[in-house]
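What follows is a set of notes on a single structure, which appears directly below.
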Amino acid sequence: MFELFNRVPDCSLEDRISGKAFENRWFEIELESYESMLEELPPLFMRAGMFAWSELKAGFVGSVFFAITIGRKRWFTGYCNLGDRHSPDAMRAAIIAHETAAAPGMTREQKLELIWSHTHPDIRGLAGEADPDAWPPEDRGKRTIVICEPDGGSALKLLERLTDDEIDHRLPSGPAI
């Protein structure tokens, strides 16, 4: 991990000083490294599944560490422009997109897992979580997402009941970094 941290990109000195040379680069690490970095310095910020190191690499670019479940729990670190408060979330989404890009031959269940992992938490949830009486007992606790209806409205739908066309429409197009 430290070898990757200390790697100097082949670019101009200005880009290295500003942090632009490091921004949006990420790599996978082991749990021990993730935990070690959490104990090394006080975090600049901490949120569920991520924290930023309080020491910046260059400019406003600093190390952000992620705990992401992609089939199993995995750990990553990357350089984010911490001057942009959306940068850590964008990097998390890019890591997930890259690591779970839809591949030909995926089963329906694998596609649904991929859609679930790419759906923003604000538009996904569990049936009956807010109003148990709104769902039949057999559907309560199942995963739901908000979908756009052809008439322009939106509806809450069980993930498992998406049609093949709805699944194809929601799959990510490929790796994005």
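On the given criteria, is residue 51 out of contact with any Leu (no Cβ under 9 Å at 6 or more places or on another chain) and either of a type in the set (S, T, N, Q) or assigned to a strand (DSSP E or B) (or both)?
Criteria not met by residue 51.
Could you look through region 39-48, keep only residues that are assigned to a strand (DSSP E or B) and of a type in the set (A, V, I, L, M), and pick out the one that is farthest from residue 80 (Cα to Cα)?
Looking at the filtered set, the residue picked out is 46.
Could you tell me how many of the residues in region 99-124 are among the polar types (S, T, N, Q) and open to solvent by 60 Å² or more (accessible area, probe 1.4 Å)?
Residues flagged as among the polar types (S, T, N, Q) and open to solvent by 60 Å² or more (accessible area, probe 1.4 Å) within region 99-124 amount to 2.
Looking at (1) at pLDDT 75 or above; (2) surrounded by 14 or more Cβ atoms within 10 Å (Cβ to Cβ), can you tell me which one residue 49 breaks?
(2)
Conditions tested, residue by residue: (1) open to solvent by 30 Å² or more (accessible area, probe 1.4 Å); (2) of a type outside the set (S, T, N, Q); (3) closer than 26 Å to residue 67 by Cα; (4) under 22 Å from the mean Cα position of the chain (by Cα).
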position: 97; (1), (2), (3), (4): no, yes, yes, yes
position: 126; (1), (2), (3), (4): yes, yes, yes, yes
position: 142; (1), (2), (3), (4): yes, yes, yes, yes
position: 147; (1), (2), (3), (4): no, yes, no, yes
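Do any residues in region 140-161 that are touching a residue at least 24 places away in the same chain (Cβ under 8 Å) and more than 15 Å from residue 118 (Cα to Cα) have Cβ atoms under 8 Å from those of residues that are assigned to a strand (DSSP E or B) and open to solvent by 70 Å² or more (accessible area, probe 1.4 Å), where the two are at least six apart or on different chains, and which pairs are they?
158/143; 160/143
Please determine, by comparing only the residues of region 52-95 that are of a type in the set (Phe, Trp, Tyr) and either within 12 Å of the chain's Cα centre (by Cα) or open to solvent by less than 40 Å² (accessible area, probe 1.4 Å) (or both), which one is nearest to residue 25 (Cα to Cα).
So, considering only residues that are of a type in the set (Phe, Trp, Tyr) and either within 12 Å of the chain's Cα centre (by Cα) or open to solvent by less than 40 Å² (accessible area, probe 1.4 Å) (or both), the one nearest to residue 25 (Cα to Cα) is 79.
Tell me whether region 126-141 contains one or more residues that are closer than 26 Å to residue 75 by Cα and acidic (Asp, Glu).
no
The values are calculated or read from the model by the stated rules, or taken from the named source; none is laboratory data. The structure displayed is predicted, hence computed values, not measured ones. Positions of Cβ are backbone-derived with ideal geometry, glycine not excepted, and every protein chain shown enters the neighbour counts. Side chains included, ligands, DNA and RNA excluded: accessible areas come from the protein's heavy atoms. Shrake-Rupley method; radii C 1.70, N 1.55, O 1.52, S 1.80 Å.
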